[in-house]
Every structure is written in structure tokens, then in C-alpha cells.
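Taking it in order: structure first as C-alpha cells, then the write-up.
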Amino acid sequence: MEVIIRPHAEAGCVLGAKIIARVVRENPTAVLGLATGRTPQRLYQELVRLHRDEGLDFSRVTAFNLDEYVGLAADHPQSFRYFMQENLFRHLNIDPARTYIPDGTAANLHAECRAYEEKIIAAGGIDLQLLGLGRNGHIGFNEPTGSLRSRTWLKILSEQTLRDNSDVFGSVAAMPKHALTMGIGTILDARRCVLLAFGPPKARAVEQMIEGPLSAMCPASALQLHPRAIVIVDEAAAAGLHYADHYRWIDSHKLPWQRYD
Ligand code: F6R
């Protein structure tokens, strides 16, 4: 795991956008895995700026999102499809036909999960998967104790996740309790993973993910198995790390071609 500590979320998001931009510049037909939530919003703004001001071209890029709530149609303001349209897709020149998100309204949800896996394979696999981190260590909606080899599947959201995400719904009662999500196995198949985590609420999960044991109790710890996983955190999210000085040392001694900024 490559751990990069930045002073604040703003710097972390700009760095994350640079990494994605480099992948897209090097491979204009790149397949990106994308996330929703509060964490990547600033990163998406930066991608939009790079597209607008520097001509970053998404016309041949394909995107697969991690997850979607069960029962929410694409035009529901709290659906992840709606989030992606508003925060990213409609500001880029990406082909809407190449933006994939699991369909949480599918009549047969198991068939939808299988089809999603097949679409990722047909696209040639994911070149870079962007991830946020749940306070309970989830990635995608893979909640603690879920299989570390899972493929796209239906998950029951934990009470912690419901509480954390309920603000936009008004209450936990108003929230869907199920989601379709790429599995941990699906995520680990991506050729590169970039996880962002910012702020004090993420500090414990960050520590468990990076320094804790590999354990289904912290699904993000599965990234310890990934050959090219980059974790970008701010100082607040890094507060629980025992080896923060070691990560800073490594970061400050990278060769020029190992740097992203
Ligand atoms: C979102 C997703 C989730 C979030 C995580 C953090 O597509 O898969 O794992 O990344 O819940 O959410 P925020 O960024 O809102 O703190």
C-alpha cells in the first residue's frame, strides 16, 4: 500500500484528480471505477476543471460506479446515478452510454449483479478504481464480515452506514436498507486502486485498513493484498497511524517518476 498524507482534503483531492488525469492521458480509452459520497466531490470538481481548462478528454473513457441503492430509480435525487450525473458526468464529454452503475430497480437483482460483472470483463477490466472509506471500514457497500473474495452482490447496509448516510434522506427510516455493490474481489481485480479518506471520523478505519490485520471486520484492509493501491489521507484521518513518519519518509524519497505531483 502506498500511503500519502496531505495537510488537508483539498490537497488530497487535487492529487487524486492528477492521478486519474494521468491515467486518462496515457490511455484515452481507460476504464475508470468511480465512487459517490462526500469524499470524492472536490476531486470531481477538479476533473471537471481539467476537462474545461486543459482539455482532458473523456470521450472514449468508460466508467463503472461501485454501487447503487436498491429501489432508487436513476432520476431519484438520492440515487447514485443522479449524484454522478450532477457532480461529474454532465460536466464532461463522456459518452453516457459508457457510464455504468448497477440498476437498483432491476426486477432480478441477482441477474443484474452477474450482468454487471460481465460488463466490466467485456470492457477489459477496470484500470483505476476510486474508493472512499466508510467509518466502519467498508469500501463500496461491503460491510464488515462480508467475504473478501465477493463479486458484485446485494448487501444489507449496516446501522452505522445508515446513520452516516441518512442526512440527505432526512432520516434512517426513509433510507433504502439494501444496495448493489461491486464485491471486494471485483475491486481487487482493478489494475490500480486509489482510496481517499479525510477527517477525524475516518481515522480509526484508516488505521485498521493500513496497519490492522487483514480482516473481513475491516473490508478495506483487503487492499493490503492489492499490488497497486494508493491511499490518500489528510492529517486528521492519519491521526491514528503508528507509522505516519515512515509513510512521510517514503513519500519524500520517491524518485521523480514515482511522484504524481
Ligand atoms: C460510495 C461508496 C462508499 C463511500 C463511503 C464513504 O460509492 O461506495 O463506500 O465511499 O461510505 O462515504 P463518504 O465519502 O460520504 O464519507
*Would you pick out the residues in the stretch 57-76 that are among the acidic types (Asp, Glu) and farther than 17 Å from GLN129 by Cβ?*
ASP57, ASP75
*Only residues that are open to solvent by 20 Å² or more (accessible area, probe 1.4 Å) and near the ligand (Cβ under 10 Å from one of its atoms): list them for the stretch 133-150, please.*
ARG135, ASN136, HIS138
*Find the residue count for the stretch 1-13, including only residues that are more than 21 Å from GLN224 (Cα to Cα), touching a helix residue (DSSP H, G or I) at 6+ places or on another chain (Cβ under 8 Å) and in contact (Cβ under 8 Å) with a residue 40 or more places away in the chain.*
2
*Just need a number here: residues in the stretch 108-167 that are within 28 Å of ALA97 (Cα to Cα) and hydroxyl-bearing (Ser, Thr, Tyr).*
3
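In this structure, does ILE120 turn out to be open to solvent by 70 Å² or more (accessible area, probe 1.4 Å) and not small (Gly, Ala, Ser)?
no
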*How many residues does the stretch 18-43 hold that are under 25 Å from ILE121 (Cα atoms), of a type outside the set (Val, Ile, Thr), in contact (Cβ under 8 Å) with a residue 12 or more places away in the chain and outside any loop (DSSP other than H, G, I, E, B)?*
6
*With the condition kept exactly as written, say whether any residue in the stretch 211-231 is of a type in the set (Asp, Glu) and under 16 Å from MET1 (Cβ atoms).*
yes
*(1) crowded, with 23+ Cβ neighbours inside 10 Å; (2) within 14 Å of the ligand (Cβ to nearest atom); (3) not acidic (Asp, Glu): which one isn't true of ARG42, the others all being true?*
(1)
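Table: residues versus (1) in contact with a Ser or Thr (Cβ under 9 Å, 6 or more places away or on another chain); (2) open to solvent by less than 10 Å² (accessible area, probe 1.4 Å).
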{"site": "VAL14", "(1), (2)": "no, no"}
{"site": "GLU26", "(1), (2)": "no, no"}
{"site": "LEU34", "(1), (2)": "yes, yes"}
{"site": "PHE80", "(1), (2)": "yes, no"}
{"site": "ASN87", "(1), (2)": "yes, no"}
{"site": "ARG98", "(1), (2)": "yes, no"}
*Only residues in the stretch 164-188 that are over 23 Å from LEU130 (Cα atoms) count as the first member; pair them with residues that are assigned to a strand (DSSP E or B), Cβ under 6 angstrom, at least 6 apart or cross-chain, and list the lot.*
PRO176/TYR69
*asked:* Restricting to the stretch 71-93, give me the number of residues that are touching a residue at least 60 places away in the same chain (Cβ under 8 Å) and among the aliphatic types (A, V, I, L, M).
replied: 1
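The values are calculated or read from the model by the stated rules, or taken from the named source; none is laboratory data. Computed from a predicted structure; not experimentally measured. Glycine gets a Cβ as well: all are built from the backbone with ideal geometry, and neighbour counts include every protein chain shown. Ligands, DNA and RNA are excluded from the accessible area calculation, which covers all protein heavy atoms including side chains. Shrake-Rupley method; radii C 1.70, N 1.55, O 1.52, S 1.80 Å.
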